[in-house]
Amino acid sequence: MKFLFLSLLTFLLVTTRAFACPKQIPEGLNGVTVGSDVVTNGLAMTISQVQGRESVEEIMQRTQKTWSAAGYSVKRNSTLGWDVLSAMGNQCLVTLQLTKRNGAFGYLALSHKTMSSSVTPQSMGAPLPPNAKLTSTVASNDDGRKGLVISMTSRSSIDELNQFFMEQLAANKWAAARSHKVNNKKTGMGSLFVSAQKDRQQIEIVIWPDRETQVVMTISEAL
């Protein structure tokens, strides 16, 4: 799903035309909804998992021709084994992402701009380092069970971030806070894992060096 969200954000740079986006699952694919009421960087999305017997290339070529003929602004690219096709209109954005798996397998995401979301870093009590730069936020609300994934970068070291998160978790009364580092023998670099719980909420934080320090934080509510 990571590549799907990235492709959605990249495609926002394409010029919008005055057409609504296609909402039907493309010909040759069957799908089932796997995510609704998902908000990522200001986009409200409905995500379907799709499967087809034809090859990825056959489905992509046909879908690209169909969407282009309908007047949509269409873009196609590939990344790390995924073939991505996107169409944008003035009301929404749709992205089809496929890979080879017993024919074609992937995801179809239909999204539109949303003014607000009930799930935010503030509402979920996310401890954000003061010098961190948010790169992505993905929020969901599954029948009242809220979740949030935040990606960010920081100029602070792993050890400095570890100290910050452990202090913030304790100050905000998160329980069972723990952290541990895992070293990569090949690269000599280490990754840090931090976790804690509070009431029905659970927080997981992964930190690793890559130019700047990278941080991915997941906060979710238990059933």
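Top to bottom by accessible area (1.4 Å), largest first, where do Lys198, Lys65, Lys185 land?
Final ranking, largest accessible area leading: Lys185, Lys65, Lys198.
What distance in nm separates the simple spin-label points at Arg155 and Ala70, each placed 7 Å from Cα in the Cβ direction?
Spacing of the two 7 Å Cα→Cβ label points: 4.7 nm.
May I ask you to compute the full-extension gain from Ala176 to Gln49, defined as 0.36 nm times their residue separation minus their alpha-carbon distance, rounded to one decimal in nm?
Value of the extension gain: 42.2 nm.
Collect residues whose amide H, placed 1.01 Å from N in the peptide plane, falls under 5 Å from the amide H of Ser78; neighbours closer than 5 in sequence don't count.
Hits under the 5 Å cutoff: Val84.
Taking the Cα centre of each part, how many Å lie between the range 138-180 and the range 195-209?
Computed from Cα coordinates, the inter-centre distance equals 5 Å.
The values are calculated or read from the model by the stated rules, or taken from the named source; none is laboratory data. The structure presented is a predicted model; accordingly, all values stated were derived computationally and were not measured. For neighbour counting, all protein chains shown are included, and Cβ atoms are generated from backbone atoms with ideal geometry for every residue, glycine included. With ligands, DNA and RNA removed, areas are computed over all heavy atoms of the protein, side chains included. Shrake-Rupley method; radii C 1.70, N 1.55, O 1.52, S 1.80 Å.
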